[in-house]
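Notes for the one structure printed next.
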Amino acid sequence: MKNTFLSMVILLWISVLSGASHAAETQSGSDQWQFTITPYLWIASIKGSTSVEGGGSDIDTDYTFLSLDNLEGAFFVAATASTGRWTLQTDLVYLNFADNPTIGPFGTTIDLKGGIIELSAAYSLQKLEHTEFLFGVRRVALGIEASLTPGPTGEDKQVWLDPIVGLRYKRPFGERWHLIARGDLGGFGFSSDLTVNVVAGAGFNMTKHSSLFLGYRYLTLDFNEDEYLVDLTAEGFALGVEFNF
């Protein structure tokens, strides 16, 4: 059932791309394709719990704002392609995170690395101005290695695919500002139990083809299969530059 549902979502996303392309070929002006690419930095703290091969470990980064002590590598970029009332979106996230908390008399090393790839489509709603309904899939690949000193070491890697649905809101504010908000839910028991993703912020138009974005992002992942458990919350400020053409 899971694979069938997710296959249908992917096929629907491809159908939207084909239909939007056909519409763009027959229309002009504002209905021509418009593209954006947004490299950004997400200064996220990560808290939660993991369990690998039956051994549980807590993750508590004890971050403060702009503290990157436990971040060993990161890559973030988002892109959109719009025509008419349709917008196609992708978001790529890679994180390599390490922590060394102390649990009782034991020293602990936790290494969390992985990536998130989202493909979604958004459709502008006529009855709700500046609001779009979005749907798509989010692929998550996470590898976790946890060890106790003295004690055992456990490691595992899982890849899963979740359906997502949500709303996106973008509204001009003044001559050079715009407000941006987005929220989506995913999982629903198809792969993970539940994911929550919320982004809110503001953009400033620097030039005709570029703008600066500052906002806050909140993401939860709750996945449990066999002896592999991930229950994580990542949240923090995001800063990016959007280029449109």
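Read-outs: derived from the displayed coordinates by stated rules, not from any lab. The structure presented is a predicted model; accordingly, all values stated were derived computationally and were not measured.
Structure notes:
- Around the amide H of residue 131, modelled in the peptide plane, lie the amide H atoms of 125, all under 5 Å away and 5 or more residues distant in sequence or on another chain.
- ³J(HN,Hα), Karplus 6.51/-1.76/1.60, whole Hz, each residue of the range 136-144, x for Gly, Pro: x, 9, 10, 9, 10, 10, 10, x, 10
- Flagged links, alpha-carbon separation over 26 Å, of 47/157; 113/208; 113/170; 170/208: 113/208; 113/170
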